[in-house]
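Novice: Just dropping this structure here.
The values are calculated or read from the model by the stated rules, or taken from the named source; none is laboratory data. Predicted model only: the values in this text are computed from it and were never measured. Positions of Cβ are generated from backbone atoms using ideal geometry, with glycine treated the same way; all protein chains shown enter the neighbour counts.
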Amino acid sequence: MTRVLVIAIAKPILVGIYKDDTLIETISKEGMTSDVLPTIFEKLLEQYNIDEILYVNGPGSFMAIKVSYIFLKTLCILEDINLKATKGFAFNKNSPIKALGKKYFFNDKDDNIIIDFLQEEDIIQEFTLPNTLNMKMFSEDSLPSYNLPAVN
């Protein structure tokens with residue numbers, strides 16, 4: 001089974017190709033999600049018979065999440081590919097993820113997403129693709145999870 005994992009909530013955009021849940025190819029590309037994803041998938045669809053697409057549906061850049069979802073969902077409908085999603089904290093060692101202004105998303109001890117300012121002890125980790133996929137962390141509910149704060 002060939003799966004593609006897309007992490008587009010931060011720069012650079014990361015795409016991993018997995019054969020039987022083992023990473024076989026990594027793509028890292030700078031640029032806007034709307035420009036990068038079509039270019040990457042044009043090549044991937046020529047090279048691989050993709051069975052499933054996995055993506056990070058939040059939290060992170062509102063626009064990147066929205067564009068990723070629309071592009072990937074449309075592609076999955078057209079190509080009859082399954083789409084699953086998960087939170088971004090799984091790929092950055094559960095470190096804070098940039099939100100709005102000087103605020104960041106945090107995953108608290110109860111697995112709730114909160115928005116707050118960074119503290120001195122907070123460490124920002126880069127996103128990385130795992131060498132092996134843990135499919136238990138992905139959900140059939142692939143809708144975006146924007147986690148937008150209330151407007152004050």
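Novice: Checking residue 83 against (1) in contact with a Cys (Cβ under 9 Å, 6 or more places away or on another chain); (2) in a loop (DSSP other than H, G, I, E, B), which test does it fail?
Specialist: (2)
Novice: Next up: When you go through (1) in contact with a strand residue (DSSP E or B) (Cβ under 7 Å, 6 or more places away or on another chain); (2) surrounded by fewer than 19 Cβ atoms within 10 Å (Cβ to Cβ); (3) under 21 Å from residue 29 (Cα atoms) one by one for residue 125, which number turns out not to apply?
Specialist: Tallying (1) in contact with a strand residue (DSSP E or B) (Cβ under 7 Å, 6 or more places away or on another chain); (2) surrounded by fewer than 19 Cβ atoms within 10 Å (Cβ to Cβ); (3) under 21 Å from residue 29 (Cα atoms), residue 125 fails exactly one: (1).
Novice: Quick test for you: out of 83, 78, pick the one residue that is at pLDDT 95 or above, among the hydrophobic types (A, V, I, L, M, F, W, C) and under 18 Å from residue 13 (Cβ atoms).
Specialist: Working: 78 fails: under 18 Å from residue 13 (Cβ atoms).
Going through 83, 78 in turn, the sole match is 83.
Novice: Scan the range 68-101 for residues that are more than 25 Å from residue 134 (Cβ to Cβ), surrounded by fewer than 19 Cβ atoms within 10 Å (Cβ to Cβ) and of a type in the set (A, V, I, L, M) and report the count.
Specialist: Residues in the range 68-101 being more than 25 Å from residue 134 (Cβ to Cβ), surrounded by fewer than 19 Cβ atoms within 10 Å (Cβ to Cβ) and of a type in the set (A, V, I, L, M): 4 in total.
Novice: Please work out which residue is surrounded by the fewest Cβ atoms within 10 Å (Cβ to Cβ), limiting yourself to the range 37-66 and to residues that are more than 25 Å from residue 135 (Cβ to Cβ) and among the hydrophobic types (A, V, I, L, M, F, W, C).
Specialist: 63
Novice: A further question follows. Checking the conditions here, which among 34, 28, 61, 68 is at negative phi, in contact with a Lys or Arg (Cβ under 9 Å, 6 or more places away or on another chain) and of a type in the set (Ser, Thr, Tyr)?
Specialist: Numbers: 34 fails: in contact with a Lys or Arg (Cβ under 9 Å, 6 or more places away or on another chain); 28 fails: in contact with a Lys or Arg (Cβ under 9 Å, 6 or more places away or on another chain); 68 fails: in contact with a Lys or Arg (Cβ under 9 Å, 6 or more places away or on another chain).
Going through 34, 28, 61, 68 in turn, just one is at negative phi, in contact with a Lys or Arg (Cβ under 9 Å, 6 or more places away or on another chain) and of a type in the set (Ser, Thr, Tyr): 61.
Novice: Please go through (1) modelled with pLDDT of 90 or more; (2) closer than 16 Å to residue 8 by Cα for residue 103 and return the number of the only condition it doesn't satisfy.
Specialist: Going through (1) modelled with pLDDT of 90 or more; (2) closer than 16 Å to residue 8 by Cα one by one, residue 103 breaks only (2).
Novice: A further question on this structure: Go through (1) in contact with a strand residue (DSSP E or B) (Cβ under 9 Å, 6 or more places away or on another chain); (2) closer than 16 Å to residue 144 by Cβ and name the single condition residue 26 misses.
Specialist: For residue 26, the failing item is (2).
Novice: Determine whether the range 94-114 contains at least one residue that is of a type in the set (Val, Ile, Thr), in contact (Cβ under 8 Å) with a residue 12 or more places away in the chain and not in a strand (DSSP E or B).
Specialist: Filtering the range 94-114 down to residues of a type in the set (Val, Ile, Thr) leaves 97, 113-114.
With the extra rule that they be in contact (Cβ under 8 Å) with a residue 12 or more places away in the chain, the set shrinks to 97, 113.
Within this subset, residues satisfying the condition of being not in a strand (DSSP E or B) are none.
No; the residues of the range 94-114 include none that is of a type in the set (Val, Ile, Thr), in contact (Cβ under 8 Å) with a residue 12 or more places away in the chain and not in a strand (DSSP E or B).
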